[in-house]
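Shown next, in structure tokens, is the structure this report addresses.
The values are calculated or read from the model by the stated rules, or taken from the named source; none is laboratory data. Keep in mind it's a predicted model, so treat the numbers as computed, not measured. Don't worry about glycine lacking a Cβ; one is built from the backbone with ideal geometry, like all the others, and counts go over all protein chains shown. Accessible surface is based on the protein model in full, side chains and every heavy atom, while ligands, DNA and RNA are left aside. Shrake-Rupley method; radii C 1.70, N 1.55, O 1.52, S 1.80 Å.
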Amino acid sequence: MRIYVVRHAQPNFDGIGNVDITRFSPKDPELTPKGIDQAKCLAEALYAKGFNGPILSSPYRRALETAHYTAERCGVGFEVEPEFQEIAMVKGLPDFDGMTAEAIEQEFDEASCPDGFVYPWFKRGVETMEDVKARISSLLNRILNLYSYHKELLLVGHWATVHACKEVLLKNILTEDFVEPPCWNCSLSMYEFDTEKQLSQFELFDSSHMPDAMITSNNYLKL
């Protein structure tokens, strides 16, 4: 089984305010035009690989929109996965309502929400990276048990959840001198498992499916 993990495309943070958006987003913005182009590049790259789903996406709009373009291009559906949502590092945040299951399924033809989808779905701060790793570890165990009959799967999330996947899956591999590429918007990681559910190979944060001028980390351009 092969699990692809991608960070969402560039979100539009115009008018958000003075919150440090490199660390935490208090709102639920849509993608920028560049973010849409990034998501389409990702979709084309996965289509070229013959990807046929399924897809699990964070319920944040920027992740849902990113998932939508791959689902549309590859002719598959995607399911909303609340456990893959953004980290909530500030007390009292997120400070938005978020999309209901009905709103998600109405806006995105390919989307479905699981039975028992609880609204509001967002985590409230304060949440640490260890908290995120704990929920991601549980999610990955569930994926390996419930989706193991699939050839491949795509997870669409955020900087924190993408890194939590890396930390959980590579905990016995990563060393202090391990050098990893930056985790740009729409950078794609891959983890492959053998029939015994043991990790056999991996690739981290590949952004080669996008031209350099399109590479960003939220509102920051690649230098």
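Fully extending the segment from GLU30 to GLU44 would add 3.0 nm, taking 0.36 nm per residue of separation and subtracting the current Cα-Cα distance.
Taking every protein chain into account, the 1.4 Å probe leaves GLU110 with about 40 Å² of accessible area, to the nearest ten. Taking region 187-208 and a reference point 7 angstrom along Cα→Cβ of ILE173, the backbone N atoms nearer than 14 Å belong to 189-194, 197-206. Between the alpha-carbon centres of region 125-192 and region 75-110 there is a gap of 18 Å. Note on the chain: with charges restricted to the Cβ of Lys and Arg (+1) and Asp and Glu (-1), its dipole about the Cα centre is near 280 debye.
Nearest 5 percent is fine: what portion of the DSSP beta bridges confined to the chain is antiparallel?
DSSP beta bridges in the chain are roughly 45 percent antiparallel.
Considering every alpha-carbon pair of the chain, the percent of pairs per 5 Å bin, from zero through the bin containing the longest distance, is 1, 7, 15, 20, 22, 18, 11, 4, 1, 0. Normalised by the number of residues in the chain, the mean separation of alpha-carbon contacts (under 8 Å, six or more apart) gives a relative contact order of 30 percent. Of the accessible area of the chain, computed with a 1.4 Å probe over protein heavy atoms only, carbon and sulfur atoms account for 48 percent.
The heavy atoms of THR100 offer some 40 square angstrom of accessible surface to a 1.4 angstrom probe.
Using r as the Cβ-Cβ distance of ASP212 and GLU180, and R0 as 22 Å, what FRET efficiency do you calculate, to the nearest 0.05?
0.75
A cut-off of 5 Å between modelled amide H atoms, ignoring neighbours fewer than 5 places along the same chain, links VAL90 with GLY125, GLU127. Solvent exposure of the chain, expressed per residue, is 47 Å² of accessible area, with all protein chains present and a 1.4 angstrom probe.
Pairs over the 30 Å Cα-Cα cut-off, from the set LYS27/LYS197; LYS171/LYS222; LYS49/LYS91; LYS40/LYS171; LYS91/LYS151: LYS27/LYS197; LYS49/LYS91; LYS40/LYS171; LYS91/LYS151. Take the Cβ atoms of ASN219 and ASP95, set R0 to 30 Å, and the FRET efficiency comes out at 0.95. Positive-end ranking of VAL6, PHE96, GLY77 along the dipole of the chain, with charges on Cβ about the Cα centre, is headed by VAL6. In this Cβ point-charge picture (+1 for Lys and Arg, -1 for Asp and Glu), region 26-119 has a dipole of about 460 debye about its Cα centre. Close amide-amide hydrogen proximity is noted between LEU155 and TYR4, VAL5, VAL6, LEU56, each under 5 Å apart and 5 or more residues distant or on a separate chain (H modeled in the peptide plane; Pro and chain starts excluded). Between SER137 and ASP14, the C-beta separation translates, for a Förster distance of 25 Å, into a calculated FRET efficiency of about 0.10.
Accessible surface ranking for GLU167, GLU65, 1.4 angstrom probe, highest first: GLU167, GLU65.
Comparing VAL179, VAL118, VAL80 in a Gaussian network model of the chain where C-alpha atoms under 10 Å apart are linked, the largest mean-square fluctuation is found at VAL179.
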